[in-house]
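Notes for the one structure printed next.
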Amino acid sequence: MTIKYKWKHLLTVLLLLSLCFTGCNTQEADSTETPSSQQQNVVETSNPQKTGSLTVQYLDVGQGNAILAESEGHYMLIDGGARESSSFVVSYLKEQKVEKLDYLLISHFDEDHLAGAIGALHNFPVDTLLTPDYETDSAIYRSYEKAVNEKSYEAVHPKVGEKYPLGSAEFRIISPVSYGHEDENQDSVGIILKNGENRFFIGGDIGLESEKEILAAGTDIQGDVMLMNHHGSHVSREFFEQVAPSYCVISCGADNSYGHPRKDTMSLIKEKKTPVFRTDKQGTVILHSDGSQISSEQQPCQDYTPGQRGNSGGQDDKNESLELFNNSDAEHCDYVLNVHTKKIHKPDCGSVRQMGEKNRAYYKGDLQMLKDNGYTGCGSCNP
């Protein structure tokens, strides 16, 4: 019994070994016959999905703004520059092989942003037209309305927090927080354009009033690259530090009469040791993102010199001060400003009564911001 059991056990073992060898040979044969299918499986599982590329081109449109963003063959044009740049913008897009625009984003309806966008409307199909939710009474706006009606487009008015895809990238709306500002620049549609870990801040012509609203709303505005607001006009220190850019871009015209970029803005950028690109010094600025790093086709110009105003500089200074700082009234203001002498007064200062109304601005806000813009305190009331 014992011997018989041993033989049966041995036969069982031999039979199992035979089956194992046969199975191994079968696997080897299968492997030899279909190497390509096995390699395909390896490729599919060994290549993790990567963030695609994003190219952001800040077009040299003189005193204006136009940006072409492209990701994975999808295009967005942000503004189009002034009327004299319209044909350049259209030609540039055609050179870039743009056949249609996924988005045309018009930040606001000033001529130096809108005119070239109208040219794009006439020359390229647009999937989504994004604009602020207000109307204005100007010849250029009527031309825009005519173009939209001819193409049967319906503008979308995006809201803060909404996100839109663009290839491997996406952009998030950060402004306007509210509408109805006396200065329509404050109603600009602003975005954060994101590709992987890289972020581009693009805020149109927003100014101090809109900046305050964005900060008060707690909106995330951090950006690796910041297009300076309003062609390098004033930006508050707090706002700039919230964006905390690694690079700045200024889109303005050479020798423009507005004095862009402003002296205080360039001083702040220089103080923060932030590299700067400028279309007035370098022409079109082209940046690339791979989702983790940003590269450029030219070195930052590192030119921190401010612009120089034209012959009407004195009046322009007054107008800009009124635009920036006349944000309150006699009853509620913190300070009264003389925009001619650039003096800061307490509301009850005797000098206020002697001040001409056309030189007077009622300001509520940070005293340091006034000093950053060249204002000094009155020697009598010591604000």
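Which ones in the range 183-198 are free of Cβ contacts under 8 Å to residues at least 40 places away in the same chain and surrounded by fewer than 24 Cβ atoms within 10 Å (Cβ to Cβ)?
Ile192, Lys194, listed by residue number.
Scan the range 166-182 for residues that are surrounded by 16 or more Cβ atoms within 10 Å (Cβ to Cβ) and either over 17 Å from the mean Cα position of the chain (by Cα) or in contact (Cβ under 8 Å) with a residue 60 or more places away in the chain (or both) and jot them down.
The answer is Leu166, Gly167, Ser168, Ala169, Phe171, His181.
Kindly provide the set of residues from the range 327-346 that are among the charged types (D, E, K, R) and surrounded by 12 or more Cβ atoms within 10 Å (Cβ to Cβ), ordered by number.
Asp334, Lys342, Lys343, Lys346
Inspect all residues belonging to the range 212-219 and state whether any of them is in the same structural domain as Asp264 (by TED's automatic domain parsing), surrounded by fewer than 21 Cβ atoms within 10 Å (Cβ to Cβ), of a type in the set (S, T, N, Q) and in contact (Cβ under 8 Å) with a residue 12 or more places away in the chain.
Looking for residues that are in the same structural domain as Asp264 (by TED's automatic domain parsing), surrounded by fewer than 21 Cβ atoms within 10 Å (Cβ to Cβ), of a type in the set (S, T, N, Q) and in contact (Cβ under 8 Å) with a residue 12 or more places away in the chain, one finds at least one in the range 212-219, hence yes.
Would you confirm whether or not the range 152-165 contains a residue that is of a type in the set (Ser, Thr, Tyr) and surrounded by 20 or more Cβ atoms within 10 Å (Cβ to Cβ)?
Within the range 152-165, not a single residue is of a type in the set (Ser, Thr, Tyr) and surrounded by 20 or more Cβ atoms within 10 Å (Cβ to Cβ).
Filter the range 282-309 down to the residues that are in the same structural domain as Gly232 (by TED's automatic domain parsing), small (Gly, Ala, Ser) and in contact with a Gly (Cβ under 9 Å, 6 or more places away or on another chain) and list them by number.
Ser289, Gly291, Ser292
Considering each residue of the range 355-383, count those that are of a type in the set (A, V, I, L, M, F, W, C) and modelled with pLDDT of 85 or more, and give that number.
3
Of all residues in the range 307-330 being of a type in the set (Gly, Ala, Ser) and assigned to a loop (DSSP other than H, G, I, E, B), which is modelled with the lowest pLDDT?
Ser312
Considering (1) in contact with a His (Cβ under 7 Å, 6 or more places away or on another chain); (2) at pLDDT below 95; (3) in a loop (DSSP other than H, G, I, E, B), say which one Gly204 fails and leave the rest.
Checking Gly204 against (1) in contact with a His (Cβ under 7 Å, 6 or more places away or on another chain); (2) at pLDDT below 95; (3) in a loop (DSSP other than H, G, I, E, B), the one that fails is (2).
How many residues does the range 93-114 contain that are buried (at least 22 other Cβ atoms within 10 Å of the Cβ) and free of Cβ contacts under 8 Å to residues at least 40 places away in the same chain?
The number of residues fulfilling the criteria is 4.
Kindly indicate the residue of the range 252-269 that is within 18 Å of the chain's Cα centre (by Cα) and hydrophobic (A, V, I, L, M, F, W, C) and also surrounded by the fewest Cβ atoms within 10 Å (Cβ to Cβ) among those meeting that condition.
Ile269
Looking at Tyr144 and the list (1) surrounded by fewer than 20 Cβ atoms within 10 Å (Cβ to Cβ); (2) modelled with pLDDT of 95 or more; (3) more than 27 Å from Asp290 (Cβ to Cβ), which single condition is not satisfied?
Condition (1) is where Tyr144 drops out.
Inspect the range 270-282 for any residue being on the phi > 0 side of the Ramachandran plot, over 14 Å from the mean Cα position of the chain (by Cα), surrounded by fewer than 17 Cβ atoms within 10 Å (Cβ to Cβ) and touching a residue at least 12 places away in the same chain (Cβ under 8 Å) and give the result as yes or no.
Scanning the range 270-282 turns up no residue that is on the phi > 0 side of the Ramachandran plot, over 14 Å from the mean Cα position of the chain (by Cα), surrounded by fewer than 17 Cβ atoms within 10 Å (Cβ to Cβ) and touching a residue at least 12 places away in the same chain (Cβ under 8 Å).
Kindly state which strands (runs of 3 or more DSSP E) lie completely within the range 116-183 and contain at least 3 residues that are outside the structural domain of Gly64 (by TED's automatic domain parsing) and of a type outside the set (Asp, Glu).
none
Test Gly223 against the criterion of being surrounded by 21 or more Cβ atoms within 10 Å (Cβ to Cβ) and at pLDDT below 95, and give yes or no.
Criteria not met by Gly223.
Check the range 164-186 and report whether any residue there is within 25 Å of His234 (Cα to Cα), touching a strand residue (DSSP E or B) at 6+ places or on another chain (Cβ under 9 Å) and at pLDDT below 95.
yes
Suppose the filter is at pLDDT below 95 and either hydroxyl-bearing (Ser, Thr, Tyr) or under 28 Å from Ser289 (Cα atoms) (or both); does Thr131 pass it?
The answer is no for Thr131.
Residue-by-condition table, conditions (1) assigned to a helix (DSSP H, G or I); (2) among the acidic types (Asp, Glu):
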| site | (1), (2) |
| --- | --- |
| His332 | no, no |
| His340 | no, no |
| Ile344 | no, no |
| Asp348 | no, yes |
| Val352 | yes, no |
| Gln368 | yes, no |
| Gly379 | no, no |
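Which members of the range 347-382 meet the condition of being in contact (Cβ under 8 Å) with a residue 24 or more places away in the chain, over 34 Å from the mean Cα position of the chain (by Cα) and buried (at least 18 other Cβ atoms within 10 Å of the Cβ)?
If the condition is that a residue be in contact (Cβ under 8 Å) with a residue 24 or more places away in the chain, over 34 Å from the mean Cα position of the chain (by Cα) and buried (at least 18 other Cβ atoms within 10 Å of the Cβ), then Cys349, Cys378, Cys381 are the ones that fit.
Per-residue answers, yes or no, for (1) of a type outside the set (Val, Ile, Thr); (2) in contact with a Gly (Cβ under 7 Å, 6 or more places away or on another chain):
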position: Thr341; (1), (2): no, no
position: Gln354; (1), (2): yes, no
position: Glu357; (1), (2): yes, no
position: Asp366; (1), (2): yes, no
position: Lys371; (1), (2): yes, no
position: Pro383; (1), (2): yes, yes
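The values are calculated or read from the model by the stated rules, or taken from the named source; none is laboratory data. These figures come from a predicted structure and were not determined experimentally. All Cβ positions, even for glycine, are placed from backbone atoms using ideal geometry, and neighbour counts span all protein chains on display.
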